[in-house]
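Data first, discussion second: the structure below is written as structure tokens.
The values are calculated or read from the model by the stated rules, or taken from the named source; none is laboratory data. Since the model is a prediction, treat every value here as computed from it, not as a measurement. Every residue, glycine as well, gets a Cβ built from its backbone with ideal geometry; the counts of neighbours run over all protein chains shown. These accessible areas exclude ligands, DNA and RNA; they are computed on the full protein's heavy atoms, side chains included. Shrake-Rupley method; radii C 1.70, N 1.55, O 1.52, S 1.80 Å.
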Amino acid sequence: MRIIKKIDELRAVVKDWKKNGLSVGLVPTMGYLHEGHKSLIDRAVSENDRVVVSDFVNPTQFGPNEDLETYPRDINADAALCEAAGADVIFNPEAEEMYRDALTTVNMTKITEVLCGKTRPTHFAGVCTVVSKLFNIVTPDRAYFGQKDAQQLCVIRKMVSDLNFDIEIVGCPIVREADGLAKSSRNTYLSREERQAALCISRGLNIGKGMVEGGEESAAAVIEAVENEIRREPLARIDYVEAVDYNDLKPLVKIQKPFLCAAAVYIGKTRLIDNFIVE
Ligand code: PAF
């Protein structure tokens, strides 16, 4: 497995693969890889002849008061995980290599302005821009994204359709710790006490999921039940709990499928997201 830091070098490698008729899978990540990322890489390895994992903490998707500086990084551990999982290349560019003096951004309206977009107004422009660049650099046949970032997945699918990228987007299920906490690189910020407190999120969502599966039709009732469970935890502060149509992310009154119930919750200073989807 190779670690590549330069765009031209990666392009040459991919060109060679394509010349030989090999299919290419891309797993975009910000590094500090965990089991959730590994599940994306495993799936990509099983469905493509060659796999590129991008490992880039993308500055443009962080807001001014967010955790860009402290975001965890460990390229050696990431390389070991990718190698063991059977990826062929880790693409680990510097910010200067990715952006230089770029003046172009990829912006999307509406579905980027709800849920996480309300408190992170520039986030999805950063995501769309870097993912477009990665798509143009790697020209993959398929790209893999986790459903933990359900809004991101929805935004990427829309971008691929709007901008006619010839790439199949594969959404992969959330991977959880044994006690239910959704795997996230940001879990490393949690103290022992906060780590325990964070379980209120998956517990709350599970209650909501049970209600929907049991035939509950009122979105407000589901949201209230999820919020009530989270509020029982003193270290938790809710950013949002919302119930939306998973196609257009518009709020629902009556539950209909596909349905996304998404939550963003501060545990101490750490903002965590989690969700359930009923297709
Ligand atoms: O999901 C992430 O880790 C990032 O948002 C992504 C898609 C790699 C873009 O930087």
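Structure data summary
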quantity	calculated
In region 192-205, residue nearest to ALA225 (Cα to Cα) [restricted to those that are touching a residue at least 60 places away in the same chain (Cβ under 8 Å) and part of a helix (DSSP H, G or I)]	LEU205
Breaking point among (1) among the acidic types (Asp, Glu); (2) over 16 Å from ASN275 (Cα atoms); (3) touching a residue at least 60 places away in the same chain (Cβ under 8 Å), for GLU233	(3)
Some residue of region 12-33 being open to solvent by 40 Å² or more (accessible area, probe 1.4 Å), among the hydroxyl-bearing types (Ser, Thr, Tyr) and within 16 Å of the ligand (Cβ to nearest atom)	yes
Selection from region 253-279 of residues that are free of Cβ contacts under 8 Å to residues at least 40 places away in the same chain and in contact with a Leu (Cβ under 9 Å, 6 or more places away or on another chain)	TYR266
Tally, over region 35-50, of residues that are more than 15 Å from the ligand (Cβ to nearest atom), touching a residue at least 24 places away in the same chain (Cβ under 8 Å) and not basic (Lys, Arg)	5
Strands (runs of 3 or more DSSP E) (entirely within region 85-191) containing at least 3 residues that are in contact (Cβ under 8 Å) with a residue 60 or more places away in the chain, within 12 Å of the ligand (Cβ to nearest atom) and buried (at least 21 other Cβ atoms within 10 Å of the Cβ)	142-146
Of the criteria (1) away from the ligand (no atom under 13 Å from the Cβ); (2) outside any helix (DSSP H, G or I); (3) out of contact with any His (no Cβ under 9 Å at 6 or more places or on another chain); (4) under 22 Å from VAL127 (Cβ atoms), which one ILE3 fails	(4)
Subset of region 240-279 (residues that are more than 20 Å from MET108 (Cβ to Cβ), open to solvent by less than 50 Å² (accessible area, probe 1.4 Å) and charged (D, E, K, R))	ARG271, ASP274
Within region 60-80, tally of residues that are open to solvent by less than 40 Å² (accessible area, probe 1.4 Å), within 16 Å of the ligand (Cβ to nearest atom) and part of a helix (DSSP H, G or I)	2
